[in-house]
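Contents: one structure, followed by commentary.
The values are calculated or read from the model by the stated rules, or taken from the named source; none is laboratory data. Source: prediction; values computed, not measured. Here the Cβ is made from the backbone with ideal geometry for all residues, glycine too, and neighbour counts use every protein chain on show. These accessible areas exclude ligands, DNA and RNA; they are computed on the full protein's heavy atoms, side chains included. Shrake-Rupley method; radii C 1.70, N 1.55, O 1.52, S 1.80 Å.
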Amino acid sequence: MKEFMLFIRSEENPKASLSPEQLQQHIEKIGGFIKRLSDEGRMKSAQPLEMDGRILSYKNGAIIDGPYNETKEVISGYYHLLAKDLNEAIEITKGDPRFEEGIWRIEVRPILKVEGIN
Amino acid sequence: MKEYTKNNSSELTGHFFRKEYGKMVSVITRYIGTENVETAEDIVQETLLRAVEHWQKEIPENPQAWLYKTAKNLTLNILKRKKYQKHYEAIEARNVKALENISFSEKLIMDEQLKMMFVCCHPSISENSQITLILKILCGFSISEIANSFFSTNETINKRLVRGRKQLRENKVNFEIPQKINKNLNIVLKTIYLLFNEGYFPSQKNESIRYDLCLEAIRLAKILISSASIRGKSDCHALLALMYLNASRFKARIDEEGHTVEMEKQDRKKWNQELIQRGVQHLNLATEEEKNSIFLILATISANHCIAPSFEQTNWTEILSLYDRLIEHEDSPLTRLNRSVALAKVKGNRMAIAELKKLESISDIGSHYLFHFTLGEFYNRENKRNKAIDQFKKALALAKNGRDINLLKKKLIGLVPNYQS
């Protein structure tokens, strides 16, 4: 089994425009998706992220706050997943019910296996 | 309220969010005023969004308490935030303490929802906006859900909401039960009945949303009945009876393929006996005051249908006399059209046909598909095939929703063997 990081990306918050009924369905659907994968031992971790934070960078000998991305896209959560290979990880990702209800992007990245580190 | 809380550790009951939305907006509006009702709506939407983030992996022990606490804190933050202070100064001084100490008891929630009903139905607000405000604020439907169930557009529904909220602001509508409660109560009852009918008349799509509208109308009427502020509830009982009795036939009116089944052909075993019983109970309570109202007559007509063993064995004489009484209250072409069905049963189809022709000459009822449909039925029963076909064709040209169109086509195919639609 290989490890994958899935970064859930969106512009603004696609959920903000959902109705109360749809929000409840979102909890039920996404919760079910995560639970199923956790029960199968494939989901090692899944967390939402708060919408504001900081980007730190190094410039002229000092750590500075920024620069910020031009785009409004932010990472709003992540999954840490186990799968046979990239194709399987992609297939699992396609099953994320959030795709049905708004403009979400999920970046699927294999975790690089480095001898002695992980 | 038990029925809305979760039933096990990982599930929420049906429409939990939608129902909590209306409760929370009502309670918050009490503290920030009806002129800020949109802020209350935003606070509650934000509360639900936060719940989504926090509940993804596990739903808390007491989801209701979690929501109320979050909504309360968000409201307090807004009241305390500096940039709002000018606008909210007066509100803040008055209400922060009260809001900090508030406990969301069942009674408080009921009381505030009741007040909100009267706020949404304030006489200064147009009828369209009243019902839209109720659906958005008290029932927790989104703009597009309301648009779907009304066969309208998001823009139209949004306009009605904006206009309604503006009228609340401009008329400085207080968040309270009005002094002259009876005048406003009539508007509230009428709006609830409109809401019910919006859901009751079958459509091709959104079946579940539309049945929800009926259930919401019943829920709102129950709040009125449990209120201590309203004295003389016979009208409320009559309306609730009417809605229970009509709702009892909901499932029998549509067959498995989604086509309308006329009452004559409905399987009466599918009528919901529990709802009929509740309807009859409220009908009895409604008659205690010996006050005659449109709802009471309509409910009594509906009850007559519900308790009849078959269509033929229905007490049509009683129903006809109820329609005669109804016309004394509300002499509308549509009421007379409905009356003609009972008239045909009691005095014969020819009499009913004559009555309808007269009605067509003095009103614009001829622009309604139901008029031609009914007239076509009478001709058909009299074996006047060509006249029946003629009327059904007129009805078909005027019918708007898919189910009515299907039913009419079926009628025409029955009369014209090689009818091409």
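Some observations on this one:
- Pairs beyond 25 Å (Cα-Cα), from B:166/B:291; B:357/B:393; B:358/B:410; B:357/B:394: B:166/B:291; B:358/B:410
- C-alpha long axis of helix B:349-362 to longest principal axis of chain B, angle in °: 60
- The local environment of residue B:301, defined by Cβ-Cβ distances under 12 Å, has a net charge of 0 under the rule Lys, Arg +1 and Asp, Glu -1.
- Order of exposure, largest accessible area first, which applies to B:311, B:371 with probe 1.4 Å: B:311, B:371
- Nearest-ten-degree value, helix B:181-200 long axis tilted from longest Cα axis of chain B: 60
- Extension gain from residue B:107 to residue B:418, taking 0.36 nm per residue of separation minus the Cα-Cα distance: 105.6 nm
- GluC sites (Glu not before Pro) lying in DSSP loop within the stretch B:293-341, provided at most 16 other Cβ fall within 10 Å: B:312, B:330
- Remark: the protein assembly as shown carries a charge dipole of roughly 880 debye about the Cα centre, counting +1 on each Lys and Arg Cβ and -1 on each Asp and Glu Cβ.
- For the stretch B:139-173, no residue has its backbone nitrogen under 13 Å from a point 7 Å from the Cα of residue B:186, taken along Cα to Cβ.
- Since only B:365, B:142, B:414 are under comparison, the one whose Cα sits farthest along the positive direction of the charge dipole of chain B, derived from C-beta charges on Lys, Arg, Asp and Glu, is B:365.
- The slack between residue B:226 and residue B:179, meaning 0.36 nm per residue of separation minus the straight C-alpha distance, is 15.1 nm.
- Cβ-Cβ distance of residue B:162 and residue B:73, R₀ of 30 Å, FRET efficiency by 1/(1 + (r/R0)^6): the value works out to about 0.60.
- Tensor-based shape of the stretch A:2-110 (alpha-carbon gyration tensor, a/c under 1.5 rounded, otherwise prolate or oblate): oblate
- Estimated distance in nm for a label pair at residue A:47 and residue A:94, the labels positioned 7 Å out from Cα along Cα-to-Cβ: 3.0
- Computing FRET efficiency as 1/(1 + (r/R0)^6) for residue B:281 and residue B:254, where r is the C-beta to C-beta distance and R0 is 22 Å, gives about 0.25.
- Computed label-point distance, nm, for sites residue B:381 and residue A:35 using a 7 Å Cα→Cβ extension: 5.4
- Annotation: residue B:365 carries an accessible surface of approximately 10 Å², with a 1.4 Å probe and no ligand, DNA or RNA atoms counted.
- Cβ-based charge dipole, chain A, positive-most Cα from A:108, A:82, A:10: A:82
- Computed from Cα positions, the angle between helix B:294-307 and the longest principal axis of chain B comes to roughly 60 degrees.
- Qualifying lysines (Cα of each under 22 Å from Cα of residue A:44; at least 8 residues distant if same chain): A:2, A:29, A:35, A:84, A:94, A:113, B:57
- Nearby lysines by direct alpha-carbon distance to residue B:97 (threshold 26 angstrom, same-chain neighbours under 8 apart not counted): B:23, B:69, B:72, B:80, B:82, B:83, B:86, B:107, B:115, B:172
- Relative contact order, percent, chain A [alpha-carbon distance under 8 Å, six or more residues apart]: 49
- Residue B:110 accessible area, 1.4 Å probe, all protein chains in place, Å² to nearest 10: 50
- The mean sequence distance of close C-alpha pairs (under 8 Å, at least 6 residues apart), as a share of the length of chain B, puts its relative contact order at 10 percent.
- In chain B, the calculated helix contribution to ellipticity at 222 nm averages -22000 deg cm²/dmol per residue, counting -39,500 (n - 2.57) for every DSSP H run with n ≥ 4.
- Going from the isolated chain to the complete set of protein chains, the stretch B:120-144 loses at least 10 Å² of heavy-atom accessible area (1.4 Å probe) at B:140, B:142.
- Averaged per residue, chain B has 48 square angstrom of accessible surface, using a 1.4 angstrom probe with ligands and nucleic acids left out.
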